[in-house]
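Quick note: the coordinates plus some simple rules give every number you see, no bench work behind them. Source: prediction; values computed, not measured. Cβ: placed from backbone, ideal geometry, glycine included. Neighbour counts: every protein chain shown.
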């Protein structure tokens, strides 16, 4: 049986510190026969290539503009990489240009980092998430403090006293957010209303300035989530659309009385199934997805970045 996953962070200030710390993490894994994966911005990739020298040939590098497009795609990249050699341990560096994300994406990244501790707990993966202490604001550095049980410094991983219960953090992030009073709302209780919903998404997305691909992706995500609401929730099923802090939001609400498991849809269903894909698909298509529940029902908010 393989050792459980590890999920560490490192705080760096400048390229030299980054290259030394992240490079030693990767090299030590390669020396143990582990496979290496780096998901990072191009300048960080170049630093690690230089630091590793010939050893860089043994590492797979994925630009963060690909790995985190959207953010939850990073899970897919990691799953696909591990599946290529399931009996070999993976040593992974994961970092993106977090400061460039809009507020909804930054909140969703907190959710992503917390969930890693649960959904990959039994996977043969050692994951290191670098955070630029010299450039990132405090509220983004807090993500690292809250979601990693160890901090790597000087080649040594030490226990992180600020680490919180990931399930408790995910629960905190699942508070329901209600649509604003000015939202456009469509009753989608009947399956026949799905076509109306798609038309609303297409027209509203174009009006919000989204490109054709983004409109298509949002329409598909809304269709999946609305179908889930009609099948598993309670009527009425409503679609609200509105703008919020740099994103255009398609907000699906149903009157279901049962809260949604915060881990639902973080990974694809393990076995072939005719259900369970809706939130997973939405997370592969949208800039951010948040799911909340309160006495008014279940609220799933799908975000697309606006120009």
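Computed over all pairs of different Cα atoms, the Kirkwood value for the hydrodynamic radius of segment 81-191 is 16.6 Å.
Using Cβ counts within 10 Å as a stand-in for footprinting exposure, how do 234, 152, 35 rank, fewest first? With the fewest neighbours first, 234, 152, 35 line up as 234, 35, 152. Taking the longest Cα principal axis of the chain as reference, the axis of helix 193-207 is set at about 60 degrees. For the chain, the longest principal axis of the alpha carbon atoms and the long axis of helix 212-232 meet at an angle near 70°.
Which residue fluctuates the most in the chain, going by a Gaussian network model with Cα springs under 10 Å, if the choices are 155, 205, 23? Its mean-square fluctuation being the largest, the pick is 155. Taking only alpha carbon atoms, segment 47-87 gives an Rg to Rh ratio of 1.05, where Rh is the Kirkwood radius.
GNM remark for the chain: springs join alpha carbons under 10 Å apart, and the peak mean-square fluctuation among 175, 138, 99 falls on 138. Relative to the longest principal axis of the Cα atoms of the chain, helix 103-119 runs at roughly 60 degrees. Applying Stokes-Einstein at 37 °C and 0.692 mPa s to the Kirkwood radius of segment 105-264, computed over alpha-carbon pairs, gives a translational diffusion coefficient of 179 µm² s⁻¹. Residue order for 280, 72, fewest other beta carbons within 10 angstrom first, comes to 280, 72. How long are the semi-axes of the equivalent ellipsoid of segment 6-172, taking √(5λ) for every eigenvalue λ of the Cα gyration tensor, in whole Å from largest down? The equivalent ellipsoid of segment 6-172 has semi-axes of 22, 18, 16 Å. Ranked by how many other Cβ atoms sit within 10 Å of their own Cβ, fewest first, the residues 62, 88 fall in the order 88, 62. Based on the Stokes-Einstein relation at 37 °C and a viscosity of 0.692 mPa s, and on the Kirkwood radius from alpha carbon pairs, segment 190-242 is assigned a translational diffusion coefficient of 289 µm²/s. Dividing the C-alpha radius of gyration of the chain by 2.2 N^0.38 Å, with N its residue count, gives 1.04. Measuring nothing but how far apart in sequence close Cα pairs (under 8 Å, 6+ apart) lie, relative to its length, the chain scores a relative contact order of 19 percent. Size of segment 1-74: Rg and Dmax of its alpha carbons, in Å, are 12.8, 39. For segment 184-305, the convex hull drawn through the C-alpha positions has a volume of 101 cubic angstrom per residue.
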